[in-house]
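The values are calculated or read from the model by the stated rules, or taken from the named source; none is laboratory data. All values derive from a computational prediction rather than experimental measurement. FYI the Cβ positions are ideal-geometry reconstructions off the backbone, even for glycines, and counts take in every protein chain you see. Surface accessibility is based on the protein's heavy atoms, side chains included, excluding ligands, DNA and RNA. Shrake-Rupley method; radii C 1.70, N 1.55, O 1.52, S 1.80 Å.
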Amino acid sequence: MLSTFDIGIDLGTANILVYSKNKGIVLNEPSVVVIDTVTKNVVAVGTEAKEMIGKTPEKIVAIRPLRDGVIADFDVTTDMLKTVLRKASKKAGFSIRKPNVVVCIPSGSTSVEQRAIQDAVRNAGAKKISLIEEPVAAAIGAGLPVDEPVANVVVDIGGGNTEVAIISFGGVVACHSIKIGGDRLDDDIIQHVRKEYNVLIGERTAENIKMEIGYALVDHEELFMDVRGRDLVTGLPKTIKLSSYEIRNALKEPLLHILEAVRATLEDCPAELSGDIVDRGVILTGGGSLMNGMEEWLSEEIFVPVQLAPEPLESVAVGTGKALQYISKLQAGVK
């Protein structure tokens, strides 16, 4: 089958997702590449590569080529995209030759960052590339009527950044983007454990802590979790017990930054659209929105109903795929 094919790619800091119009999400894997530093060959990509983080010998390195939602390492990103497109075509069961690709970009990205994303996707074998802003894609994926003149508020908490946008009539009316996301929350947990217990834990352990006992700033029943790491004094392995209360305090600062971005965006909202927001509320998407108590906490702070999108992790990818029908309208918004 040699015809061109339309696919949407969510090039996320934490995960890369590929959406095909006929098959839905055909690939969802971590944005991690393992490279042999001597031969410069790619050893593994995606889930397989994530398993290797922090466990590889010296000459083999696990890299995250995307940071804060933009490309940090161009060549590695191109290699990753080639592998991802190959895997996606195998899973979808047909040959994807020169596909038409819609890629999402952070709304605050510069023209240089946008060009880097276009070039990387083109080098990976795409024919025609369209760009769409991440919050717009998230709103489409969450099933919001983005092409109607009503306020759709999206809070997309990703791995590298958080984007808050008010979308109306196919475009972004007001938007704030901050470089705080799931990765920053993981880092704060690592620093807390290091400071309080003199124990060093890895990224994957921090992520597990966040998912199991991480809470937004709400009251909850205290949970405990046993965590293993390396004692920085003796250098030996050590097990410690963490409480969900101390993790909540460790995450307080980045969560307040996210709240500040939501408030700042709502303050920029035109008066005509404010009424819509009170009625329709705010939609949460992205992996960070799955944190325990996130909806409840934001709703209490901004006095507006807050809902989780049906598939928060997949909203942006689904939105990029579905955006093909809106693209002529949306293209005006993305240069």
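Brief remarks on what is shown
- Residues that are open to solvent by less than 100 Å² (accessible area, probe 1.4 Å) and part of a loop (DSSP other than H, G, I, E, B) were ranked within segment 228-238; the one that is farthest from Ser177 (Cα to Cα) is Thr234.
- Residue match in segment 182-199 (condition: farther than 30 Å from Ala49 by Cβ, more than 23 Å from the chain's Cα centre (by Cα) and touching a residue at least 60 places away in the same chain (Cβ under 8 Å)): no
- Some residue of segment 130-142 being of a type outside the set (Val, Ile, Thr), open to solvent by 10 Å² or more (accessible area, probe 1.4 Å) and out of contact with any strand residue (DSSP E or B) (no Cβ under 9 Å at 6 or more places or on another chain): no
- Members of segment 214-227 that are in a strand (DSSP E or B) and in contact (Cβ under 8 Å) with a residue 24 or more places away in the chain: Tyr215, Val227
- Within segment 115-154, tally of residues that are assigned to a strand (DSSP E or B) and more than 23 Å from Leu259 (Cα to Cα): 5
- Some residue of segment 239-258 being under 28 Å from Glu148 (Cβ atoms), surrounded by 14 or more Cβ atoms within 10 Å (Cβ to Cβ) and under 24 Å from the mean Cα position of the chain (by Cα): yes
- Sole exception among (1) open to solvent by less than 40 Å² (accessible area, probe 1.4 Å); (2) touching a Phe, Trp or Tyr at 6+ places or on another chain (Cβ under 6 Å) for Leu217, by number: (1)
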